Amino acid sequence: MLAAQGYVAARSLATVLFLSLRLGRPLFLEGEAGVGKTEIAKVLAAALGRRLIRLQCYEGLDASSAVYEWNFAAQMIAIRTAEAAGGADRGVLQSELFTEDFLIERPLLAAMRPQVGGPPILLIDELDRTDEPFEAYLLEALSEFQVTIPELGTVKAPAPPIVILTSNRTREVHDALKRRCLYHWVDYPDPARELQILSARCPEAQETLSREIVAFVQRLRTEDLFKKPGVAETIDWAKCLLALDVIALTPEVIADTLGAILKYQDDIQKIQGSEAKRLLDEVRKDLAPAG
């Protein structure tokens, strides 16, 4: 199913995803940035024909921002209209202001609603960017698959959403949350699988160039870099090289396009020039036919 959507997964990842779907358990994916954690949710939504609801985490995210907000502008207009009409009962007006008509759904609440085609895919992306209070709130939401709105009551999902959480491990996520999930570490792919991924995502690239790209990126990951390139950077680099009509890597081409695979100037300076040539020579040696 994943391969049909252009996602080349290791057997271990495919297995834990299957178990997550079969058992109805949230799936917690950890790994370096750019290894395909977020893409799993997108591919799964496309394959199953489900709605993808994404909660992008950030520092300071709280429950109200993740669940719901009241449309204050619309509420103020309703109040002004009632005042202009005169004779508005305060109790009646208050009850009318806090109804579904003035409710703005955020990702967690939207995921609890019935959806056409079945329960949605809820992607809670980069959970490690949030703080512990929000993690604690997620414990209830993911245990009972329900959220509470004080003015309206509890909203419980008629069928649990398919939940995928991701983390780049910039900090440790609490064990209590991990225990509610199936866990998998998404690692950098080996050369053979990365070549398969590149062929699936960038089929117009010639095999010789694809092999050089994958071998060079694999070699880069062995270097002492501040941020090693992920699979996403491999694909981006291949597309950049194709846009330049490159048919084979050269030190000059590598120097001109390093910004596609390395995102820190210190890393770029370290690899430019003679270092790029050294790595390319090693790649060519490794790829040369035996004998």
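Against the definition (touching a Pro at 6+ places or on another chain (Cβ under 8 Å) and either more than 29 Å from Val186 (Cα to Cα) or not aromatic (Phe, Trp, Tyr) (or both)), how does Lys277 come out, yes or no? Spell out the reasoning first.
Details: touching a Pro at 6+ places or on another chain (Cβ under 8 Å): yes; either more than 29 Å from Val186 (Cα to Cα) or not aromatic (Phe, Trp, Tyr) (or both): yes.
Yes: the conditions hold for Lys277.
Could you list, in sequence order, all residues of region 250-271 that are of a type outside the set (Phe, Trp, Tyr) and open to solvent by 80 Å² or more (accessible area, probe 1.4 Å)? Before you say what the answer is, go through the steps one by one.
First, the residues of region 250-271 that are of a type outside the set (Phe, Trp, Tyr): 250-263, 265-271.
Listed by number, the residues that qualify are Glu252, Asp256, Lys263, Gln265, Asp266, Gln269, Lys270.
So which residues in region 24-38 are part of a loop (DSSP other than H, G, I, E, B), open to solvent by less than 10 Å² (accessible area, probe 1.4 Å) and more than 18 Å from Asp190 (Cβ to Cβ), if there are any at all?
Pro26
Restricting region 95-120 to residues that are of a type in the set (Asp, Glu) and farther than 27 Å from Ala47 by Cβ, which is surrounded by the most Cβ atoms within 10 Å (Cβ to Cβ)? Let's see the steps before the verdict.
Just the residues of region 95-120 that are of a type in the set (Asp, Glu), to begin with: 96, 100-101, 105.
If we keep only those that are farther than 27 Å from Ala47 by Cβ too, we end up with 96, 100-101.
Numbers: Glu96: 16, Glu100: 8, Asp101: 11.
By that ranking, first place goes to Glu96.
Consider region 169-179. How many of its residues are within 20 Å of the chain's Cα centre (by Cα) and open to solvent by 90 Å² or more (accessible area, probe 1.4 Å)? Let's see the steps before the verdict.
Looking only at region 169-179, we keep the residues that are within 20 Å of the chain's Cα centre (by Cα), and these are 169-174, 177-178.
Of the ones still in play, those that are also open to solvent by 90 Å² or more (accessible area, probe 1.4 Å) are 169-170, 172, 174.
So the count comes out to 4.
How many residues are in contact (Cβ under 8 Å) with a residue 60 or more places away in the chain and more than 24 Å from Val173 (Cβ to Cβ) if we restrict to region 110-120? Write out each step before concluding.
So in region 110-120, the residues in contact (Cβ under 8 Å) with a residue 60 or more places away in the chain come out as 115-120.
Filter once more, so that each one left must be more than 24 Å from Val173 (Cβ to Cβ): 115-118.
Number of matching residues: 4.
Quick one: how many residues across region 190-219 are among the small types (Gly, Ala, Ser), over 15 Å from Ala9 (Cβ atoms) and either surrounded by fewer than 17 Cβ atoms within 10 Å (Cβ to Cβ) or at pLDDT 95 or above (or both)?
Applying the first criterion (among the small types (Gly, Ala, Ser)) to region 190-219 yields 192, 199-200, 205, 210, 215.
With over 15 Å from Ala9 (Cβ atoms) added as a condition, the list becomes 205, 210, 215.
Filter again for either surrounded by fewer than 17 Cβ atoms within 10 Å (Cβ to Cβ) or at pLDDT 95 or above (or both), leaving 210, 215.
Final tally of qualifying residues: 2.
For Arg80, state whether it is without any contact (Cβ under 8 Å) to a residue 40 or more places away in the chain and open to solvent by 10 Å² or more (accessible area, probe 1.4 Å).
When the stated conditions are applied, Arg80 passes them.
Could you list, in sequence order, all residues of region 147-170 that are within 19 Å of Gly36 (Cα to Cα) and part of a loop (DSSP other than H, G, I, E, B)? Break it down stepwise before answering.
Residues of region 147-170 that are within 19 Å of Gly36 (Cα to Cα), as a first pass: 162-170.
Correct list: Asn168, Arg169, Thr170.
Suppose we keep only residues that are within 18 Å of Glu132 (Cβ to Cβ) and open to solvent by less than 40 Å² (accessible area, probe 1.4 Å) within region 58-77. Which one would you say is modelled with the lowest pLDDT?
Quick first cut of region 58-77, residues within 18 Å of Glu132 (Cβ to Cβ) only: 58-67.
When the remaining residues are screened for being open to solvent by less than 40 Å² (accessible area, probe 1.4 Å), the result is 61, 63, 66-67.
Working: Leu61: 91, Ala63: 83, Ala66: 92, Val67: 91.
Top of the filtered list is Ala63.
Return yes or no: is Val231 touching a residue at least 24 places away in the same chain (Cβ under 8 Å) and in contact with a Pro (Cβ under 6 Å, 6 or more places away or on another chain)?
Working: touching a residue at least 24 places away in the same chain (Cβ under 8 Å): yes; in contact with a Pro (Cβ under 6 Å, 6 or more places away or on another chain): no.
Judged against the criteria, Val231 is not a match.
Could you check how many residues of region 124-146 are acidic (Asp, Glu) and at positive phi? Spell out the reasoning first.
Here is the first cut: in region 124-146, the ones acidic (Asp, Glu) are 125-126, 128, 131-132, 135, 140, 144.
Narrowing the set further to residues that are at positive phi leaves 126.
Number of matching residues: 1.
Answer with yes or no whether Glu144 is of a type in the set (D, E, K, R) and modelled with pLDDT under 90.
Numbers: of a type in the set (D, E, K, R): yes; modelled with pLDDT under 90: yes.
Here the answer is yes, as Glu144 does meet what is asked.
Residue-wise test of (1) among the small types (Gly, Ala, Ser); (2) in contact with a Ser or Thr (Cβ under 6 Å, 6 or more places away or on another chain); (3) surrounded by 12 or more Cβ atoms within 10 Å (Cβ to Cβ); (4) free of Cβ contacts under 8 Å to residues at least 24 places away in the same chain.
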{"position": "Leu122", "(1), (2), (3), (4)": "no, no, yes, no"}
{"position": "Asp125", "(1), (2), (3), (4)": "no, yes, yes, no"}
{"position": "Asp131", "(1), (2), (3), (4)": "no, no, yes, no"}
{"position": "Leu139", "(1), (2), (3), (4)": "no, no, yes, no"}
{"position": "Leu142", "(1), (2), (3), (4)": "no, no, yes, no"}
{"position": "Thr148", "(1), (2), (3), (4)": "no, yes, yes, yes"}
{"position": "Pro158", "(1), (2), (3), (4)": "no, no, no, no"}
{"position": "Ser167", "(1), (2), (3), (4)": "yes, no, yes, no"}
{"position": "Tyr183", "(1), (2), (3), (4)": "no, no, yes, no"}
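The values are calculated or read from the model by the stated rules, or taken from the named source; none is laboratory data. The structure displayed is predicted, hence computed values, not measured ones. Note: ideal-geometry Cβ built from the backbone for every residue, glycine included; neighbour counts use all protein chains shown. The accessibility values were calculated without ligands, DNA or RNA, using every heavy atom of the protein model including side chains. Shrake-Rupley method; radii C 1.70, N 1.55, O 1.52, S 1.80 Å.
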